[in-house]
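The block underneath contains the structure these notes are about, expressed in structure tokens.
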Amino acid sequence: MNESRTDVGTRDEMMQTPVKSDDWTAVRQEALEGASLAQLPKRIRLPVIPQAAIRFTHLAEDPAVSHAELAETLETDSTLTTELLRYVNSAKVGARQRIHSVRQALAAVGIRRSKTLVLMAALQNAVSGIDSPLFPAALFQRDNQERALFAREFARMLGVDEEMAYTAGMLQDLLLPFLTAELPTTYRRFSSSKMSLSEFEQEEFGWNHAAVTGLLMAEWGFPDELVCSVIFHHRPQDILENDHWRQSTLPAVASSAALPGIFEQMPSGLEILLNYQEEFDRFRFIEIAAHVDEMIGEEDRLGRHRIPLCERLGTMAMNRLEHRRHDVVVEARRVGNYTLEKEVGKGAMGVVYRARHDMLERPVALKLLNAASVSPETIVRFEKEVQLTSRLTSPNTIGIYDYGVTPEGLFYYAMEYLDGMTLRQLVRHHGPQPEGRVINLLLQACNSIIESHAHDLIHRDLKPENLMLSNRGGQFDVLKVLDFGLAKLMNDGRPGDSSHYGLSGTPLYMPPEAVVAPETVDERSDLYSLGAVGYFLLTGVPVFEGDSVTAILRKQVEAMPIPPSVRGGRSIDSELQSIIMDCLEKDRRRRPESARELVMRLQRCRRAHEWTQIKAQEWWDGNVDAIERARRPEETDPFAKTVCQRDTECVSAAETNRVERIPTPREHVESREGQPGV
């Protein structure tokens with residue numbers, strides 16, 4: 001399905017010229033001049049306003065129409081009636097006694113506000129039930145609520161219409177689930193664009209969601225100031241340059257759009273908030289965020305399993321500081337006794353550079369950790385884990401040379417530099433691998449984890465990206481296990497305590513117990529991940545695939561893997577396939593007991609000795625150009641990235657809540673016993 005600009009129109013200048021007017025109708029008309037809903041792809045069917053809402057809004061414009069007539073019209077739609085009554089009886093209105101009829105509601109809040117509430121309810125109901133493949137609906141709704149409350153508090157400080165700001169905050173992104181569900185491929189590219197969402201949409205489509213929402217709201221009859229607040233919510237600088245707009249609801253809504261959320265739309269969100277804090281004397285965004293946290297915390301439905309807005313803003317500030325400190329280090333190209341040469345990789349926990357030791361002239365891989373990803377407690381654990389990892393002597397484990405802290409406060413460690421390719425790059429560029437080579441690679445990985453397990457270290461993130469293939473010491477096809485950054489000490493943590501080690505790992509390679517009870521992972525958890533790596537090497541695809549983190553994690557717990565021979569469409573030695581499937585057992589008691597047992601079973605395979613050094617050398621000598629291409633940076637599968645529960649909602653609290661309701665591996669096995677074919 002092509003989602004390019006040619007599908008959806010090519011108007012480049014929509015909403016690009018700031019308008020300077022005190023008349024909101026004129027502002028709206030000029031901002032949307034030349035824009036039309038007809039620019040959207042024909043397959044996108046926008047929400048349709050209910051007939052009761054149409055009649056109600058038209059009658060509301062006629063001063064001769066009585067409350068009784070308006071009430072009679074609205075009461076033909078029970079959903080809209082319920083929403084209006086729910087609102088007027090909420091704490092936001094503060095009615096002295098409970099209101100039971102539409103007529104009483106109209107008298108309590110007024111016809112103008114009732115009209116806006118009815119339209120908002122109609123629009124929200126029209127887009128409800130839309131599932132976006134890019135973000136969970138529950139989290140998106142929570143973000144809308146946070147933004148609306150934030151906008152209302154800022155509007156109160158400005159002395160402007162609080163409820164209009166609240167309504168605009170609720171509606172500003174209401175069509176995003178709808179649009180991302182229809183155009184998912186294009187929207188997935190947004191996260192790597194470094195633009196605001198509106199800029200990205202304008203470049204890709206010739207329109208943006210703010211303009212589309214504004215057009216729809218104007219068509220439905222929303223007040224023009226409210227429509228303009230939505231249209232301009234990604235144009236904070238234009239608002240500051242217009243004195244009239246500064247004294248309206250527009251700044252409140254634009255500031256709320258800069259808040260962090262499940263679908264980050266403003267890469268410069270913190271800068272926008274800091275700038276507004278300088279421009280508006282009484283605006284203190286952290287204080288408003290704290291107030292929003294208090295209000296949401298009082299509502300159990302929204303507050304449960306929620307990372308506070310203040311905490312997420314703190315993470316944004318840490319990231320900003322991190323980038324500045326990181327830039328200082330990179331510009332100086334100095335870290336301790338090392339000179340940085342070039343960036344060679346980037347992961348969830350930091351950036352890796354090729355560097356050179358000043359005195360030894362030895363190349364190293366130097367990893368700078370992201371400040372936002374490590375707390376003081378985490379630093380203590382990292383130091384302990386780096387110290388332990390540095391003691392590992394297996395030739396199949398990455399060597400750790402040094403670690404420390406820069407004057408700027410960045411934690412780093414220096415590792416053995418490997419000039420090779422990851423197993424993901426191997427399969428991506430050379431396809432599924434011969435059985436003999438797969439066995440050889442798995443045996444080498446086992447050699448590494450046998451030693452780490454003997455030191456009570458569980459890797460927890462074995463995946464093709466963390467297994468590097470290179471030539472070392474005259475030997476070809478030498479595999480090294482990388483990145484013990486998530487390693488867990490087996491005696492570190494108490495049963496039922498996941499405070500230190502929450503949901504962590506890589507969804508495509510995460511064992512079931514790491515999903516449902518992460519504090520219980522043990523040596524056999526690494527064997528599951530290693531089995532998933534072997535599956536990938538044999539078939540060229542992961543064991544399970546899905547369109548979201550939650551979908552993949554659910555499959556890791558519930559779904560039965562398809563045998564590699566069936567999935568890959570080729571004959572595979574029965575003993576090797578049996579080993580892979582045993583490693584992928586949901587119940588870890590059915591997996592190999594240890595890496596040593598796995599080695600013994602792999603060595604007994606019929607093809608265990610087929611991949612010789614001669615074959616390995618022939619492969620490397622015959623693929624020089626292809627190997628060089630494979631080493632180039634490439635876009636990573638989002639579900640092959642390491643995620644931690646502390647990551648800003650990458651595995652979100654709401655998603656974790658859903659994961660917690662997945663049956664445990666043992667429950668799942670027991671539920672299948674007695675079924676036909678089990």
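The values are calculated or read from the model by the stated rules, or taken from the named source; none is laboratory data. Note that this is a predicted model, so its numbers are computed, not measured. Cβ coordinates were reconstructed from backbone atoms using ideal geometry, including for glycine residues, and neighbour counts include every protein chain displayed.
Go through the residues of segment 443-454 one by one and say whether even a single one is buried (at least 22 other Cβ atoms within 10 Å of the Cβ) and either free of Cβ contacts under 8 Å to residues at least 24 places away in the same chain or closer than 20 Å to residue 615 by Cβ (or both).
For segment 443-454, residues buried (at least 22 other Cβ atoms within 10 Å of the Cβ) and either free of Cβ contacts under 8 Å to residues at least 24 places away in the same chain or closer than 20 Å to residue 615 by Cβ (or both): present.
Taking segment 571-587, which residues are touching a helix residue (DSSP H, G or I) at 6+ places or on another chain (Cβ under 6 Å), closer than 21 Å to residue 555 by Cβ and either modelled with pLDDT under 95 or not in a helix (DSSP H, G or I) (or both)?
Once the filter is applied, which keeps residues that are touching a helix residue (DSSP H, G or I) at 6+ places or on another chain (Cβ under 6 Å), closer than 21 Å to residue 555 by Cβ and either modelled with pLDDT under 95 or not in a helix (DSSP H, G or I) (or both), segment 571-587 yields 584, 586, 587.
Between residues in segment 174-199 that are closer than 15 Å to residue 137 by Cβ and not assigned by TED's automatic domain parsing to the domain that holds residue 132 and residues that are aliphatic (A, V, I, L, M) and outside any helix (DSSP H, G or I), which pairs lie under 7 Å by C-beta distance while being six or more apart or on different chains?
Within 7 Å, no pair qualifies.
Tell me, please, whether a residue that is assigned to a loop (DSSP other than H, G, I, E, B) and either at pLDDT 95 or above or over 26 Å from residue 428 (Cβ atoms) (or both) can be found in segment 612-627.
yes
Please work out which residue is surrounded by the most Cβ atoms within 10 Å (Cβ to Cβ), limiting yourself to segment 239-295 and to residues that are more than 27 Å from the chain's Cα centre (by Cα) and of a type in the set (Val, Ile, Thr).
Step by step, filter segment 239-295, then rank; the result is 249.
Of the numbered conditions (1) in a helix (DSSP H, G or I); (2) under 22 Å from residue 513 (Cα atoms), residue 560 satisfies every one except a single condition; which is it?
It is condition (1) that residue 560 fails.
Can you tell me which residue among 84, 80, 40, 59 is more than 24 Å from residue 166 (Cα to Cα) and either among the β-branched types (Val, Ile, Thr) or under 36 Å from the mean Cα position of the chain (by Cα) (or both)?
40
Can you list residue pairs whose Cβ atoms sit under 7 Å apart, with the first residue in segment 498-514 being aromatic (Phe, Trp, Tyr) and the second being modelled with pLDDT of 70 or more and not in a strand (DSSP E or B)? Count only pairs 6 or more apart in sequence or on different chains.
Short answer, once both residue conditions are applied: 501/518; 501/519; 509/462; 509/463; 509/529; 509/532; 509/533.
Just the residues that are surrounded by 17 or more Cβ atoms within 10 Å (Cβ to Cβ) and either free of Cβ contacts under 8 Å to residues at least 12 places away in the same chain or among the hydrophobic types (A, V, I, L, M, F, W, C) (or both), please, taken from segment 600-612.
Selection gives 602, 605, 608, 611.
So which of 53, 60, 31 ends up being under 23 Å from residue 250 (Cβ atoms), modelled with pLDDT of 80 or more and crowded, with 17+ Cβ neighbours inside 10 Å?
The unique qualifying residue is 31.
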